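Reviewing the structure listed below.
Quick note: the coordinates plus some simple rules give every number you see, no bench work behind them. In this text the structure is predicted, and so the values were computed from the model without any measurement. Backbone-built Cβ (ideal geometry, glycine too); neighbour counts: all protein chains shown.
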Amino acid sequence: MLYSIFHLGNNLIGVPIYTILEIVRSSKFHPVRGASEVIDGLINLRGKVVTVINTGIAFETHKVLISDESRIYIFKNNAELKELTDIDSDEDMSPDNIGLHVEKIEGVINVDKEELQPVPTNMAHPFYQHVVRRGEDFIIILKPSKAIILNSTETVKP
Amino acid sequence: MANDDEVFKNFLIEIAERLAEFEQGLSDLEQAYNVNHINLLFRAIHTIKGGAGFFGLNKITELTHLLEDLLMKIREGDVAFDVAMMPALYAASDCLNDMQQDPGYGEQMDIAGVCRALHLDNITSVTNVAAKPKPALTKLAEQERRPTAAVQVVNKLSAPELLPPKPTEASASAALPTVSDKASSSEAVRAVKPQVNNVQGETIRVKLDLLDRLMELTGEIVVARNQLLRQFAESNNKMALTSMAHMISDLQQVVLQTRMQAVGGTFTKFNKIVRDLSKQLDKPIRILIKGDETELDRSIIESLSDPLTHLIRNCADHGVESQEDRLAAGKDSVASIWLEAKNEGGQVVITVEDDGRGIDAVKVKNKALATNLISQTQAEAMSENEAANLIFHPGLSTAEQVTSLSGRGVGMDVVKSTIEKLGGAIDLETRLGSGTKIIIYLPTTLTIMSSLIVRVGEDRFAIPHTELLEVIMVRPEDEFQIETIRGQEVYRLRGLLIPVLDMHLIAGHEGAHEFHISNDKNERLFLVLKSGNTQFGLRIDSIDHTEEIVIKPLPQILKKLFYYAGSSILGDSDVAMVLSANGICQSQNLHKQELNKRFGKHKSMTDLQLMDLQEKQDLLVFKYSMDEQFAVPLSLVYKVEIIERSNIEIISKKQFINLEGRNILLIYLDQYLQLKPLPEDMKRLYIFTTKIKKFEVGIVASSIEESIHTRLNLDTPPINESIILGVTKIHDKLTFLLDLFSLAEKVSPDVFKTKAFNEASVKKRLLVVDDTPFFRDLEKKYFESIGCEVSLAFNGQEALDVLTAKPRSFDLVVTDIVMPVMDGYGLLKSIQSNPQLSHLPVIALTSFAQEESQEKAKSAGFYGYALKTNKETILQAISNFIEND
């Protein structure tokens, strides 16, 4: 199974490639007033409006800023996921495409099922699904659908 | 085989549709016999029979065969139609419905009873038990009844035996067996409304996703077209582009209509629902449906079904009284429920109304109080409709017993939230004893709308034109400004007080960005938006332009931000949030009556200034030594003169000037107030004279500014000086209103001082009534200074309450005229008509200096009349009373 790895602070995090529609450069976001800070804003992706979540804020570390290296993962929506016939996915993404704003993309790795280890309890986080060891690196495998659902906005009461 | 399944599935859809037609047909038949109805019923049943036979559904075949038989006989004239047949027909229809929904398609059901009823011999005997008294059919016939979108009435002359295509052909292109109407027969004209997507009666079944995709693509094309138009705006050679642009607009219109469906489709089932309810509850109820050809986006229609069902059930269950109660109340024994849909200014308005018992506001209020939903004061302030609207709160169900139909306490609030999620609004009107009306406002379409693009701070927002009423620019010199009451900004728009909101307030956010760009010109721009019956203002910084935009619904992750209708991509590729007036209203809890009620009773100075509007005075404005500005009521000014300082004479430390033979005492304000004295080198001085107790005195001024006609909005002066009545703003400058009487008293106490009424053996007890706290205090002080005992009241009603409680405790009532709740005239009338109080003399105090007001007061029966700002007249009026007593 292929995963795309990105940096978040000192961590390396991976997402399954089959959930990704495309990766784009991050540019100006259109802020959504009233939405929680975790939402960077909206972007226009060739006519589609995609909501972008800031990974740093989602993980409560720091805010990911737009830079030359930063990118946005555009995740597939449920309809697009269904079209994949060869993968049995349990991801329940969202009816809409959601984006994840990350600092820097490292690359792609291939991980066998056996290499996927459960997340150690001292590191447990609702978004984490597994961890993988690659040499000295410790990569956290993310469950994208979880990250999206858990960041659904509550109305901020003025 | 997959093919057979497909075919069977289509057949099931077919049955459902034919049954719906059949039911509708039965309803029509019930109101007025018409052979066309019979034909329609026949055809519907015939279709079902054919298909059922093909698929071996024997029971259905059996029942439909009997129906067909009966209908055929009626049609051929062998049997006369009798309204007594209706119950049997309805029973058959219901049975077919049940069979269709049964997993075994009725094969295991016992339909013997229903079948028997359809046999001719049995028809007459079945009836009376089942039949409910029907209202005069003529009355119903007057109501416009329109068939649903799918139903068309056949012209008598066309071939009645139009067999539907065999189910095997039914795959993608089954044509509905409707026959186009030739428009010649009069019945057809009455019954048929041309359907937009059924022009010649041919219809086709299309998969929903295809239509949705079509919608999406069209949306994109519209956006791309807008972009192209912008790009080539300057070009001379854009004929091709322009013609394409027009065609795209047309395309857009047509595609939009594919999504539009007549609400009638959803409405027909209520006929049956009400019939069932009527039986179940043993209350005769009829439902009258109007406007079922009104069109709505199909997604909205689907979501409407449940809420409407709940509302109608509620009407039947709680709203409608029992037959006995109705008759006792003089109502028709048959209750009516009206279900109506109509287009109104870019919205579809659906009303559910009943002529039942109405909602008992008192009961609702008590329940709300008991559950701590509202406070006592709130309860008292509510109107009947406002209290009734409380039923939309979760957990508030006053049904003593939760019935299986409704009354679970979870109903109405779910209805409300469903409607609001669709971007709509819901309102309720009720009258105890007469009935209840529920009004639902829905946007006609969610997708492409002409909108105004505005800027707030760095952001741009889009507002659909259908929600926008007007744009208002308030300049500093305008008469009406945006005012603040209790922290809320409001604006007086042609008599209606509307709240003025701000994106910052609506989308409040910790760490919020500064929304508004500061406006040097001090002009304030805002939009007036409407949601249902409520209007409100929304502050913006500037208007960009108008654009047709595709409103993309909010992504799941942002669904909770109600105040947005969605997002859109503008012609320049930017993303803008689309605002929803209904959503904003909902998030800010604006109810239509709340504002005017809330502020109607408020007692703060600011509000009273707003209410004191009618009292306008003429004031003379003058300056003393350049800086300080003063004003006096013009009515007190006798003359304005210019004098030469050299002409001033000094007699026993007082300064006098002789004008035309009159000796005028001069008063310099700096001797009584902390003011800078007039410059020594000023040779010429202005004075205005006034007559106090027949003595003419002249107030010295450095300049006379002007005389203005204005409202007397006085604030308590910052200085504790009796000669200043109050402080106000004239042309943005702080102006002190001078009390000439106190001034005169200070100047020559022996001459001007009013004698305290010490001689009176008993202190006179006064009731002073005035809504302005400032004047109340002033009058109290004044009357106490002349030896009276003073009690206060805020308005006529309060005064009346005090007086009726202790009729013998007062000697005189001194009242303002212009007051809320009950004005001076009202108070006078109440006092005079009350035998316990009619002995009390009432003196009117007002700001009006006009003769006619005096006359009016006298003729109304006031004992005396005085000007608030003129102590002398007050004194005059009182002394008359005191002496005469």
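At-a-glance table
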{"read-out": "Prolate/oblate/rounded label for region A:47-128 (Cα gyration tensor, a/c 1.5)", "value": "oblate"}
{"read-out": "Chain A, relative contact order in percent, only Cα pairs under 8 angstrom and at least six apart counted", "value": "29 percent"}
{"read-out": "Separation of the B:N834 and B:D306 label points, Cα + 7 Å toward Cβ, nm", "value": "5.6 nm"}
{"read-out": "Gain upon complete extension [B:E220, B:K559; 0.36 nm per residue less C-alpha separation]", "value": "119.8 nm"}
{"read-out": "Alpha-carbon Debye profile of region B:222-273, log10 I(q)/I(0) at 0.13, 0.15, 0.23 Å⁻¹", "value": "-0.49, -0.56, -0.86"}
{"read-out": "Rounded FRET efficiency, nearest 0.05, which uses the C-beta distance separating B:D82 from B:S434 and R0 of 41 Å", "value": "0.65"}
{"read-out": "Sequence of B:E386, A:E106, B:E872, B:E680 once ranked by neighbouring C-beta atoms within 10 Å, starting from the fewest", "value": "B:E680, A:E106, B:E872, B:E386"}
{"read-out": "Three-way shape call for chain A based on the alpha-carbon gyration tensor, with the a/c threshold at 1.5", "value": "prolate"}
{"read-out": "Gyration tensor (alpha-carbon) shape descriptor, region B:342-389, a/c threshold 1.5", "value": "prolate"}
{"read-out": "Projected label distance in nm at B:K691 and B:N236, using a 7 Å step from Cα toward the beta-carbon", "value": "8.3 nm"}
{"read-out": "Percent of C-alpha pairs per 5 Å bin, region B:523-571, short to long", "value": "5, 15, 16, 22, 26, 14, 2, 0"}
{"read-out": "Rounded FRET efficiency, nearest 0.05, which uses the C-beta distance separating B:D627 from B:S879 and R0 of 45 Å", "value": "0.70"}
{"read-out": "Point-to-point label distance, B:K858-B:K653, nm (Cα→Cβ direction, 7 Å offset)", "value": "4.4 nm"}
